[in-house]
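First comes the structure, then the notes that go with it.
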Protein chains: 2
Amino acid sequence: MVIDAVDFFYLSMPRINLDVDGSQDALLVRVRSNNDEGWGECEAAPLPSISAFFCPPSHGACLPVADAVIGARLAAPADIDAIYQATRVGSERLAQAIHVLSGIEIACWDLLGKRLQEPVWALLGQKTSYPKTAYASLLFGETPTLTLEKARHANTSGYRAAKFGWGPFGKDSGEDRDQLMAAREGLGPDALLLVDVGCIWRGPNAVEDATRRREMLVEANVHWLEEPFPHHDRVAYRNFANQCPEISVAGGESAVNEEDALALMHDANLRFLQIDAGCIGGLGPSRRLAIAANAADCQFVNHTFTSDLALVASLAPFADNGSEHLAEYPEELSELGTAIAGRSITPNTAGKIQIPDCPGIGVDVDTSNLLIYQRTVKITIDDEVLYQSPPICEDHA
Amino acid sequence: MVIDAVDFFYLSMPRINLDVDGSQDALLVRVRSNNDEGWGECEAAPLPSISAFFCPPSHGACLPVADAVIGARLAAPADIDAIYQATRVGSERLAQAIHVLSGIEIACWDLLGKRLQEPVWALLGQKTSYPKTAYASLLFGETPTLTLEKARHANTSGYRAAKFGWGPFGKDSGEDRDQLMAAREGLGPDALLLVDVGCIWRGPNAVEDATRRREMLVEANVHWLEEPFPHHDRVAYRNFANQCPEISVAGGESAVNEEDALALMHDANLRFLQIDAGCIGGLGPSRRLAIAANAADCQFVNHTFTSDLALVASLAPFADNGSEHLAEYPEELSELGTAIAGRSITPNTAGKIQIPDCPGIGVDVDTSNLLIYQRTVKITIDDEVLYQSPPICEDHA
């Protein structure tokens with residue numbers, strides 16, 4: 001009942017562009033123990049993450065993540081927390097450790113759920129899994145007219161909430177107003193409108209740039225304003241929260257660990273805490289953050305933009321929150337995201353999504369689809385092979 | 001006047017033990033621009049750090065650090081801050097980025113100082129470089145008698161302050177008392193006694209374990225208690241600071257970035273903020289933290305335990321603090337630490353150390369010493385060479 005093997009699969013589209021679109025590559029993790037296996041996905045740079053797992057030790061607090069994982073017991077939920085804690089301590093001075101740990105931790109939950117024939121949300125200590133209100137994640141159109149069309153389409157597709165982000169937004173307050181009004185018009189008066197500005201306001205005028213939009217945000221009835229400032233600019237978040245308490249701020253996807261996310265939530269008085277289980281350390285810390293957010297009257301929301309494996313895993317930590325709670329739903333999966341786990345979950349006619357009722361995470365990975373995307377890595381130190389990518393399909397071994 | 005090349009040298013002792021002794025390996029960085037070069041040292045796992053510099057891009061906020069560095073302008077201090085900021089943004093989702101950036105940033109200051117014929121502390125905006133009170137960093141002896149001897153030796157060697165840490169301390173409060181009294185007796189009544197417990201108290205009883213030592217810490221006149229809890233256990237730090245305000249707590253060496261360090265300083269009401277320039281992002285963020293610490297009536301202290309290159313660099317950010325301020329001084333350099341930059345700085349008869357009066361950091365690296373320690377790394381992706389270690393001596397190219 002110990003972890004026998006951890007395999008990494010570095011997948012990538014042939015060409016990576018500079019959009020902030022994390023679905024252009026992926027680091028899939030397979031954990032094996034006896035005859036069971038589980039899958040997880042890191043939302044992290046593949047090569048540094050693989051290196052953090054296999055690197056030579058530097059000292060007692062800068063160990064490769066493998067030291068805390070390979071051979072560790074995996075028979076009960078507490079075993080997964082023990083692996084997480086051992087990694088936090090043994091690899092404390094290895095910054096990339098928590099990113100690679102995230103995918104491993106998720107794969108451990110998947111494996112344990114299959115082994116115990118329980119869904120992961122139940123193993124995380126929850127009695128019920130409620131549906132969630134899916135919001136469609138969309139980019140602003142290049143013009144307000146295009147945004148209007150996108151919003152109308154989201155509305156007629158049955159979404160009760162839609163998020164618009166990036167694109168031209170944030171640069172000119174007159175044009176921003178037109179964009180917001182177009183989005184609101186297309187969605188109709190009742191659907192929730194979320195706005196993601198992708199940290200566009202930076203530097204000494206950041207808070208002023210954001211504050212200049214307060215009236216139009218209120219007028220368009222914007223439900224949340226996401227990442228107005230870079231994650232690390234705590235002072236800007238705090239000042240904006242103090243100056244514009246009527247605007248609900250969402251953030252947290254860039255948090256480097258659970259303490260960082262908690263600190264941002266409190267410092268910025270976040271009303272929505274967006275956590276990416278694929279980089280925060282996995283589902284255990286995400287569950288703790290969901291509980292902490294509830295206690296702070298802040299709504300926990302998943303952050304996910306890659307495959308349905310990542311999506312369904314990301315819903316488990318707040319399964320027992322009520323169905324009015326929002327969940328990010330990548331409406332258009334990328335080619336790579338689709339190849340990893342297909343389309344495993346779709347909104348119902350009421351615009352709700354629900355975790356599949358299966359043991360483990362509830363999503364299968366079809367490795368035969370993935371061969372064409374695999375990038376094979378080989379690392380040697382002093383001419384000895386430290387790491388070599390495994391074959392993704394057994395047939396190709 | 002742009003950065004032409006960044007070279008990494010992964011050095012290691014033949015065998016790494018599990019002590020928390022960061023001088024067993026090293027990642028040296030050489031930056032070249034026109035005919036100038038500068039050196040820095042990362043306090044970070046070498047292989048993941050090299051990977052973070054050279055990895056393929058994942059998306060627009062998960063770029064290799066090289067993208068922000070190679071070709072960047074390097075003619076004035078603001079250029080170094082621009083490189084730092086560009087890395088924070090472009091590699092925001094790459095956790096290891098800040099660790100590798102740290103050594104590069106230090107090397108940039110060294111290069112710029114040589115280019116402009118200015119010491120780095122002056123380029124950081126300070127008018128004067130004052131000597132600092134060196135504290136000898138020592139391990140507790142296995143027995144109180146051995147600790148007494150070590151403390152006497154530190155005292156007769158002229159140190160006005162000594163830090164004892166790790167070893168058997170923290171496990172049994174009776175034995176801890178004997179250790180503390182032995183250290184105080186050996187140092188005499190006037191020298192400052194610092195205690196580093198290396199995060200030994202963990203879990204639900206952590207604060208209680210620490211609080212149980214409050215009287216003996218006061219009785220031995222302990223000047224600071226360092227890292228009573230793991231860095232990420234903010235709640236323990238906060239509760240202890242509230243319960244035992246008479247104990248001055250030191251911490252911060254494990255901070256993952258400057259915001260994390262600031263948050264710990266405020267949350268834990270730290271009286272001493274220990275910053276390792278080799279992992280916090282370099283000298284620019286360290287200087288900002290020194291200013292923030294002064295404003296919070298908290299003493300900034302360097303954290304360094306590797307080579308004199310790292311030591312002298314780490315003194316630059318708080319050069320203009322007065323000479324009563326403490327500075328960590330690794331009394332016994334390791335074999336590898338000595339090979340990197342020799343012994344470049346020693347305490348005077350008053351127990352003070354001073355930054356050498358030279359352009360740049362003020363320490364030379366002798367690469368001919370380092371060949372026997374170099375570990376050569378080669379990384380291929382899809383059978384194409386992504387990275388290969390450069391020769392450390394030009395003669396061996």
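Using +1 at the Cβ of each Lys and Arg and -1 at the Cβ of each Asp and Glu in the protein assembly as shown, identify which of B:146, A:240, A:70 lies farthest towards the dipole's positive end.
Of the options given, the answer is A:240.
Please list the non-local residues whose amide H lies under 5 Å from the amide H of residue A:33, H modeled 1.01 Å from N, same-chain partners needing a gap of 5 or more.
A:4
With just the Cα atoms defining each centre, how far is region A:1-62 from region B:54-118? Give it in Å.
25
Using DSSP to call loops (not H, G, I, E or B), can you name the trypsin sites (Lys or Arg not before Pro) in region B:320-397 whose Cβ has at most 16 other Cβ atoms within 10 angstrom? Walk me through the intermediate numbers first.
Values: sites: B:343, B:352, B:375, B:378; in loops: B:343, B:375.
In loop regions of region B:320-397 (DSSP not H, G, I, E or B), the sparsely surrounded trypsin sites (Lys or Arg not before Pro) are B:343, B:375.
Quick one: compute the contact order of region A:123-353, relative version, from alpha carbon pairs under 8 angstrom and 6+ residues apart, as a percent.
Details: 440 pairs, mean separation 50.9, N = 231.
Contact order relative to length: 22 percent.
For region B:123-353, what is the charge dipole size about the Cα centre, in debye to the nearest 20, if Lys and Arg each add +1 at the Cβ and Asp and Glu each add -1 at the Cβ?
Details: 20 positive and 31 negative charges, 103 e Å.
Rounded to the nearest 20 debye, it is 500 debye.
I need the shape label for region B:123-353. Rule: rounded when a/c is under 1.5, else prolate if a/b > b/c, else oblate, with a, b, c from the alpha carbon gyration tensor. Working shown, then result.
Working: a/c = 1.70, a/b = 1.14, b/c = 1.49.
Oblate.
Could you work out how far apart the two model spin labels at residue B:297 and residue B:205 are, taking each label as a point 7 Å from the Cα in the direction of the beta carbon, and quote it in nm?
Modelled inter-label distance: 3.5 nm.
Would you mind working out the magnitude of the charge dipole of region A:74-143 relative to its Cα centre, with +1 at each Lys and Arg C-beta and -1 at each Asp and Glu C-beta, to the nearest 20 Debye? Don't skip to the end; give the middle numbers.
Working: 6 positive and 7 negative charges, 28 e Å.
With only Lys, Arg, Asp and Glu charged at Cβ, the dipole is about 140 debye.
Where in region A:116-197 are there trypsin sites (Lys or Arg not before Pro) that are in a DSSP coil and have at most 12 other Cβ atoms within 10 angstrom of their Cβ?
Values: sites: A:127, A:132, A:150, A:152, A:160, A:163, A:171, A:177, A:184; in loops: A:127, A:160, A:171.
Those that pass, being in a loop and sparsely packed, are A:127, A:171.
Just to be sure I understand: with springs between alpha-carbon atoms less than 10 Å apart, which residue in B:83, B:372, B:200 has the highest mean-square fluctuation in the Gaussian network model of chain B?
Sorting by GNM fluctuation, first place goes to B:372.
Using the 7 Å Cα-to-Cβ label point, sort the distances from residue B:78 to its equivalents in the other copies shortest first and give them in nm to one decimal.
5.9
Would you be so kind as to identify which of A:186, A:200, A:218 lies farthest towards the positive end of the dipole of region A:176-231, taking Lys and Arg as +1 and Asp and Glu as -1 on Cβ and the Cα centre as origin?
Looking along the dipole axis, the top candidate is A:200.
List, shortest first and in nm to one decimal, how far the label point of residue B:372 (7 Å from Cα along Cα→Cβ) is from its counterparts in the other copies.
Inter-copy label distances (nm, one decimal, shortest first): 5.5.
Got a sec to turn the phi values of region A:214-231 into Karplus ³J(HN,Hα) couplings, 6.51 cos²θ - 1.76 cosθ + 1.60 with θ = phi - 60°, whole Hz, x for Gly and Pro?
My calculation for region A:214-231 gives 4, 5, 5, 5, 5, 4, 7, 6, 6, 6, 8, 10, 9, 6, x, 10, x, 3 Hz in order.
Neighbouring Cβ atoms within 10 Å as the yardstick, rank A:29, A:385, B:69 fewest first.
Numbers: A:29 27, A:385 10, B:69 23.
Least crowded to most crowded, the residues run A:385, B:69, A:29.
Which listed residue (A:389, A:296, B:282) has the Cα farthest towards the positive end of the charge dipole for the protein assembly as shown, taking +1 on Lys and Arg C-beta and -1 on Asp and Glu C-beta about the Cα centre?
Farthest towards the positive pole: A:296.
Rounded, prolate or oblate, given the Cα gyration tensor of the protein assembly as shown, with a/c below 1.5 counting as rounded?
Values: a/c = 1.55, a/b = 1.54, b/c = 1.01.
It comes out prolate by the Cα gyration axes.
Give me the net charge for the shell around residue A:68: Cβ to Cβ below 13 angstrom, other residues only, Lys and Arg +1, Asp and Glu -1. All intermediate terms of the calculation are to be shown ahead of the outcome.
On the way: positive: A:73, A:88; negative: A:67, A:79, A:81, A:92, A:105.
Summing Lys/Arg as +1 and Asp/Glu as -1 gives -3.
Please give every one of the lysines within straight-line cross-link reach of residue B:127, meaning a C-alpha to C-alpha distance under 22 Å, and leave out same-chain neighbours fewer than 8 residues apart.
B:114, B:352
What's the exposure ranking of B:157, A:91, going from fewest to most Cβ atoms within 10 Å?
On the way: B:157 12, A:91 29.
By the 10 Å Cβ count, ascending, the order reads B:157, A:91.
Where does chain A land at 222 nm, in deg cm²/dmol rounded to the nearest 500, when only DSSP H runs of n ≥ 4 count, each adding -39500 (n - 2.57), divided by all residues? It would help to have the intermediate numbers written out before the result.
Numbers: 15 runs with 143 residues, N = 397.
Mean residue ellipticity at 222 nm (helix-derived): -10500 deg cm²/dmol.
Please identify, among A:356, A:77, A:245, the residue showing maximal mean-square fluctuation in a Gaussian network model of chain A using a 10 angstrom Cα cutoff.
Per the Cα network of chain A with a 10 Å cutoff, A:245 tops the list.
Loop-only GluC sites (Glu not before Pro) in region B:97-199, please: DSSP not H, G, I, E or B, and at most 14 other Cβ atoms within 10 Å.
Here the GluC sites (Glu not before Pro) that fit, given the DSSP loop and packing criteria, are B:142.
Using a 10 angstrom cutoff on alpha carbons, build the Gaussian network for chain B and name the most mobile of B:295, B:26, B:277.
Of the options given, B:295 has the highest mean-square fluctuation.
Any idea what the dipole of region A:136-184 comes to, in debye rounded to 20, about its Cα centre with Lys/Arg Cβ at +1 and Asp/Glu Cβ at -1? Write down the numbers at each step before the final one.
Details: 7 positive and 6 negative charges, 61 e Å.
Roughly 300 debye for region A:136-184.
Once the label point is placed 7 Å from Cα along Cβ, list for residue B:390 the distances to the corresponding points in the other copies, in nm, shortest first.
Nearest first, the other copies' label points are 3.7 nm away.
Hey, which aspartates and glutamates would be in cross-link range of residue B:132, C-alpha to C-alpha under 13 Å, not counting anything within fewer than 8 residues on its own chain?
B:320, B:324, B:328
Please give every one of the aspartates and glutamates within straight-line cross-link reach of residue B:171, meaning a C-alpha to C-alpha distance under 12 Å, and leave out same-chain neighbours fewer than 8 residues apart.
In chain and number order, the partners are B:209.
With Cβ to Cβ distances under 15 Å as the rule, what net charge do the other residues near residue A:17 carry (K, R +1; D, E -1)?
It works out to a net charge of -4.
Whole-Hz ³J(HN,Hα) for each residue in region A:121-137, computed from phi via Karplus 6.51 cos²θ - 1.76 cosθ + 1.60 with θ = phi - 60°, x for glycine and proline: what do you get?
Karplus-based 3J(HN,Hα) across region A:121-137 equals 4, 6, 4, 7, x, 9, 8, 9, 10, 8, x, 10, 7, 6, 10, 7, 9 Hz.
Values quoted throughout were computed directly from the atomic coordinates according to the rules given, and no laboratory measurement underlies them. Keep in mind the model is a prediction, meaning the values are calculated, not measured. In this analysis, Cβ positions are derived from the backbone assuming ideal geometry, glycine residues included, and neighbour counts consider all displayed protein chains.
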